[in-house]
Structures are given as C-alpha cells and as structure tokens.
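Novice: Attaching a single structure in structure tokens format; questions to follow.
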Amino acid sequence: MPLRRLRRAVAAPMSLANDPQRRASWLKTLHQWHWISSAVSLIGLILFAFTGITLNHASQIPATPVVTKRQAELPANLRAALAAGASEGRQPVDAELARWFSQAMGLQVAGGEAEWSATDIYLSLPRAGGDAWASIDLASGAVEYERTDRGWIAWLNDLHKGRNTGPVWTWFIDVFALACLVFAITGLLLLQLHAPRRPATWPTVVLGLVIPLVLILLFIH
C-alpha cells in the first residue's frame with residue numbers, strides 16, 4: 001500500500017543513494033503522495049495565503065459596512081404561546097418560532113439558542129463577514145432584524161479564521177491542514193533524497209528556519 005510505503009520512507013536511511021532500485025521506488029511513492037496532496041491543498045493554499053495578507057493589513061483595507069434592517073410581526077397564536085412559556089435565560093429556539101422565521105423572513109435559526117427575558121427574546125445570528133441579530137417583543141409581537149455585511153474581504157478573512165463558519169468548514173480546515181502536512185513531509189523527504197546532488201538544499205532549508213526565528217527574537221516581545 002502507498003501509505004505503508006510512505007511510513008517506511010520516513011525511516012529510510014541515506015544509504016538509499018547506494019541502492020538505485022530502492023531509491024527509485026521511494027521516489028515514485030513520495031512523488032505520488034506529494035502531487036496528490038498538492039492537488040488537494042492547492043486552492044486552499046492560495047486562499048489562506050491571500051487572506052494571510054489581507055488579515056495582516058486589515059486596518060489598511062477600507063470597508064464600508066452595509067446594514068440591512070427588516071421588521072415583521074408574529075402571528076397572535078404564536079405570540080401567545082411564546083408569552084405563556086416565557087422564562088429568563090438561554091434556551092433553544094422554539095421549533096414553531098424557527099419555522100416562522102424560515103417562512104416569513106427567510107432566516108434559518110433552527111438549532112440555535114435565544115436569550116429570553118420577561119419582555120422579549122433576543123437571537124444572536126453571527127455570520128462570516130458580518131453580524132446579525134433579531135429581537136421579539138413578547139407584548140406586541142414586533143420583530144426586528146438587523147444584518148451587517150462588512151464585504152467580501154471580511155468574509156474571506158473569517159473563512160481563514162474559521163469564525164462563524166459552521167462545523168462543515170471546520171472539518172474542511174482539518175482535512176486541508178492534513179493535506180498540507182503530507183505535502184510538507186513528502187517534500188522534506190524528497191529534499192533528503194535529492195540533497196546529495198544539490199549542495200544548497202539543507203542550507204536553504206535551515207535559512208527558512210533561521211529567518212523567522214531571528215525576526216521573532218529581535219522584533220516580537
């Protein structure tokens with residue numbers, strides 16, 4: 001299996017240089033894993049590299065938040081049911097209330113939590129690239145909704161941080177990080193196999209470690 005051969009390659013000694021057949025076998029396996037992991041992580045690497053720049057210069061990138069406000073009114077029967085069961089504290093969003101939000105306002109709040117008080121219900125609806133909230137007055141049934149959109153740069157930055165992106169995106173980041181590790185480790189092993197014929201290999205690798213280390217020691221306190 002390629003995975004088993006990859007594990008063995010990690011422990012392969014430098015003596016492979018004296019065994020052309022084994023060396024060719026390791027090279028084939030490592031190249032296979034290297035190109036597969038690079039293909040899987042390519043788009044993610046571009047995204048995270050770009051958003052690394054935008055995050056690093058977030059204060060220098062202008063953004064004009066766009067605020068959207070909407071108002072509605074709960075049906076009398078739903079308002080009465082909510083008022084009858086009102087109690088203070090955080091509670092899961094009522095199923096009937098979630099259905100009304102979906103049908104009347106196009107908002108998906110099922111599975112979330114709401115902050116209840118004696119007079120109103122407050123729903124925090126955080127989202128990537130912005131924020132949103134909704135409140136319900138239990139006495140009048142008045143519903144207020146406000147959404148803030150900070151633009152696509154803020155949206156990409158939140159993807160980078162995994163902020164308010166949901167569990168599926170979190171899983172994607174884990175898979176992407178694993179692919180990057182495979183890409184880096186197989187690249188390191190390929191460097192090891194090619195190093196005898198490329199004297200600048202290890203000095204260049206060490207330089208890639210020394211430069212950020214020096215910057216950390218000198219400029220980060």
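The values are calculated or read from the model by the stated rules, or taken from the named source; none is laboratory data. Predicted, not measured: the structure shown is a model, and the values here were computed from it. Positions of Cβ are generated from backbone atoms using ideal geometry, with glycine treated the same way; all protein chains shown enter the neighbour counts.
Novice: Taking segment 45-85 as the search range and keeping residues that are in contact with a strand residue (DSSP E or B) (Cβ under 9 Å, 6 or more places away or on another chain) and surrounded by 15 or more Cβ atoms within 10 Å (Cβ to Cβ), which one is nearest to residue 143 (Cα to Cα)?
Specialist: 72
Novice: Here's something else I'd like to know. Suppose the filter is farther than 27 Å from residue 148 by Cα and surrounded by fewer than 13 Cβ atoms within 10 Å (Cβ to Cβ); does residue 39 pass it?
Specialist: yes
Novice: Now, a different point. Could you grab me the full set of residues in segment 185-219 that are polar (S, T, N, Q) and in contact with a helix residue (DSSP H, G or I) (Cβ under 7 Å, 6 or more places away or on another chain)?
Specialist: If the condition is that a residue be polar (S, T, N, Q) and in contact with a helix residue (DSSP H, G or I) (Cβ under 7 Å, 6 or more places away or on another chain), then 186, 201 are the ones that fit.
Novice: Go through segment 179-209 residue by residue and tally those that are over 29 Å from the mean Cα position of the chain (by Cα) and free of Cβ contacts under 8 Å to residues at least 60 places away in the same chain.
Specialist: 13
Novice: I've got another one for you. Is it the case that some residue within segment 93-107 is surrounded by 12 or more Cβ atoms within 10 Å (Cβ to Cβ), in contact with a Lys or Arg (Cβ under 8 Å, 6 or more places away or on another chain), in the same structural domain as residue 143 (by TED's automatic domain parsing) and within 28 Å of residue 162 (Cα to Cα)?
Specialist: Yes, segment 93-107 has at least one match.
Novice: While we're here: Kindly indicate whether residue 109 is modelled with pLDDT of 90 or more and within 30 Å of residue 21 (Cα to Cα).
Specialist: no
Novice: Looking only at segment 143-178, which residues are among the hydroxyl-bearing types (Ser, Thr, Tyr) and in contact (Cβ under 8 Å) with a residue 60 or more places away in the chain?
Specialist: Within segment 143-178, 145, 148 qualify.
Novice: Spot the failing condition for residue 23; the list is (1) exposed (fewer than 15 other Cβ atoms within 10 Å of the Cβ); (2) at pLDDT below 95, and only one is missed.
Specialist: Here residue 23 clears every test but (1).
Novice: Is one or more of the residues making up segment 74-89 assigned to a strand (DSSP E or B), in the same structural domain as residue 137 (by TED's automatic domain parsing), of a type outside the set (Val, Ile, Thr) and under 20 Å from residue 112 (Cβ atoms)?
Specialist: Yes: one or more hits.
Novice: Looking only at segment 64-84, how many residues end up being within 29 Å of residue 149 (Cβ to Cβ) and touching a Gly at 6+ places or on another chain (Cβ under 6 Å)?
Specialist: So the answer is 2.
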